[in-house]
Every structure is written in structure tokens, then in C-alpha cells.
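Notes follow the structure.
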Amino acid sequence: MDDSVLHDFTQPDQLSDLTLIVEGTNLFVHKSYLAEWSGVWRRMFLEDYGNPEEAKEIFLADKKLNEITELLHCIYATQKPISEENVSYLLELSEEYEIERIKKRCEEFLLNQERSIQSLYLAQKHGLKKSIKSLFEFAKTRTVEELESSPEYKLLDKDVVIKIYSEKVNMMRNYANDLRQSESRLEITCDKTESRKENMKRSLQLVQDIWTTPNKRCYKHITEEKFDFSCSDCNDKVRWEIRRLCVEGQHVRVYFPSQSKHKK
């Protein structure tokens, strides 16, 4: 977003009725707008001051000017987007001041970003349930080295770390089960392949026997030692024998067409 279109809170307007003083800088804001977004500010105006009109200036002694200004830009009409640079402290401020809409926008931002341990840490710290679920799926697929190399990993709660490793164990257990099932299927496939191989060898031997058996040739070449491939009568007899084998033996039928298919 172009900074030139953002509201300049250091300049008062005709309707500004409250001054936030942060790091010595005056930020001119509107009580009704802050109360609409923040339950904390609403209670402050109604309860702490008794009469909302009495609240004129509020010192935010422990806050940073750039962070409070960024928060104001996000809740005012300009609706500055959530980014990697501001999401962390906006989550902090949205919790402190009970600004649920900003917190929700921060979570939506995290859900749409590349998943990381840093995002998991933010989701854990601020109770972002949707993000936690998604980020657990990410964390359980990381190696131990990848997890421990992230600075935020050491900041995760022990319960979160335990859950990550529990998920990793479950994932590996499921993977091992899948491997065993794949191995069983592969063994069955290998057995079938070996059986088909033996059937093929027997079938080929049967076919070879046809060419080497004299009485399978025509009467003109029945006494010759070698098969005459140029003889149409001998070839017809061989084809007839192969078709007969196809009818009599299933293992042969797999490799040689039946007479009806041959005619087609």
C-alpha cells in the first residue's frame, strides 16, 4: 500500500477527540473508532474514566511508536494489510487490546503464507487454532535437523514439541505399514510373474517342438531334418497345431491368438 494514502495520526482533524502519547509523539485518534474495535479501549473509556468525555490523553509508556501507528493503520479505514514485518507485534497488540478482527486477519495471513516453525510459534503463542492444525502437518514432515535449526523451535511449548514428535512417529508408523502392504503386493506380483514366466517357457517349448517334430510337417517334408519355412503346407500345419494348443492349454492361449481372432 502506498504510504501517501495512509492517515497521518500526527495531525489532528476536526473530529479527533483523543491523543495517544507514544515515545513522546502525539497521535490524534477517535475514541468511538477505537472503542468499536477494542474491548480494552471501550472499557477504559466507560469504566476507568467514568465519563468518556474525560479521556483526553493516554500515555502508552511501554509501547513503540511504529507498532502502535501500524496497528492504527490496520484498523482505520485505509486497512493496511498484514505482512511478515508486522504480523508478530500486531498479534501481540490485538491480544492486549482485544481486537479480534485484527487477530483474525493475522491468522488468515499466516494460513496463506509458506508454512514455517516461526508461524507455528506465533500460532501456539496466540492460540490460533486453524493455523496450529495446518502447521502441525507441516512440522511433522520436517527432519529433526530442520526443526532444531529454526530459532523459534526452542521457544515452542514442551507439549507442542511432544505433539510434533508424536505426529512424526505416527506418520512413520503409517509409512511402515504402507511399505509392508506394498511389499506383500510386490511379492504376489513377483509370484504371478514367475508363474507366467514358467508358463511362457513351457509354451515356447511346445511351439519349438512343433517345428522339430517331423510328423507335424506336410508329407513332402516329413523326412527332412530341418523345417522348410518356405513351404506353405508346413506353415499351415504349424498354425493348426498352435491353434490346437491354444484350445487345450490356458497357459498357451495367453500367448497365441485363437482361430477366430487369427481370422480377424
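The charge dipole of region 140-208, taken about its Cα centre with unit charges on the Cβ atoms of Lys, Arg (+1), Asp and Glu (-1) only, comes to about 440 debye. When you restrict to C-alpha pairs under 8 Å that are six or more residues apart and normalise by the size of the chain, the relative contact order lands at 9 percent.
For Kirkwood radius over Cα pairs in Å, the value computed from the atomic coordinates appears in the list (1) 18.3; (2) 26.3; (3) 19.3 under label (2). Here the chain is treated with +1 on each Lys and Arg Cβ and -1 on each Asp and Glu Cβ, and its dipole about the Cα centre works out to around 3400 debye.
Ranked by the mean number of other Cβ atoms within 10 Å of their residues, highest first, the peptides 185-191, 215-221 fall in the order 215-221, 185-191.
Summarising the strand pairing of the chain, around 60 percent of its internal DSSP beta bridges are antiparallel. Calculated mean residue ellipticity, 222 nm, the chain: -18000 deg cm²/dmol, from DSSP H runs (n ≥ 4) at -39500 (n - 2.57) each, averaged per residue and rounded to 500. Distances between placed amide hydrogens fall under 5 Å for C218 paired with C234, all partners being 5 or more residues away or on another chain.
In order along region 71-85, phi translates into HN-Hα couplings of 4, 4, 4, 6, 9, 6, 4, 5, 6, 4, x, 6, 9, 4, 6 Hz, rounded to whole numbers, per the Karplus curve 6.51 cos²θ - 1.76 cosθ + 1.60 with θ = phi - 60° and x for Gly and Pro.
Build a GNM of the chain with springs between Cα atoms under 10 Å apart, and of E84, E224, E92 the one that fluctuates most is E224. Overall, the accessible surface of region 83-211 at a probe of 1.4 angstrom is composed of carbon and sulfur to the extent of 52 percent. Mind checking the angle between helix 232-248 and the chain's longest principal axis? C-alpha axes, 0 to 90 degrees, to the nearest 10. For helix 232-248, the angle is close to 60 degrees. When the Cα positions of S184, L206, L71 are compared along the charge dipole of the chain, L206 comes out farthest toward the positive end, with charges on each C-beta of Lys, Arg, Asp and Glu. The alpha-carbon atoms of region 39-175, seen along their principal axes, cover 65, 27, 23 angstrom, with the largest extent given first.
Of K80/K140; K31/K104; K129/K168; K56/K80; K129/K163; K64/K103, which pairs sit farther than 24 Å apart, going by alpha carbon to alpha carbon? Too far apart for the 24 Å limit: K80/K140; K56/K80. Once the 1.4 Å probe is applied to the protein heavy atoms, the chain comes out at 65 Å² accessible per residue.
Between L18 and V29, K31, the built amide H atoms are under 5 Å apart, and every one of these is 5 or more places off in sequence or on another chain.
Listed values for region 211-216 are Karplus-derived 3J(HN,Hα) couplings in whole Hz (6.51 cos²θ - 1.76 cosθ + 1.60, θ = phi - 60°), namely 6, 9, 9, x, 6, 8, and x replaces Gly and Pro.
Since only W41, Q113, H7 are under comparison, the one whose Cα sits farthest along the positive direction of the charge dipole of the chain, derived from C-beta charges on Lys, Arg, Asp and Glu, is Q113. Loop-located GluC sites (Glu not before Pro) in region 135-167 (DSSP state not H, G, I, E or B) with no more than 12 neighbouring Cβ atoms inside 10 Å do not occur.
The values are calculated or read from the model by the stated rules, or taken from the named source; none is laboratory data. Remember, it's a predicted structure, so these values are computed and weren't measured experimentally. Note that we place each Cβ from the backbone using ideal geometry, even for glycine, and neighbour counts take in every protein chain shown. The protein model used for the area step is the full one, side chains on, heavy atoms only, and it has no ligands, DNA or RNA in it. Shrake-Rupley method; radii C 1.70, N 1.55, O 1.52, S 1.80 Å.
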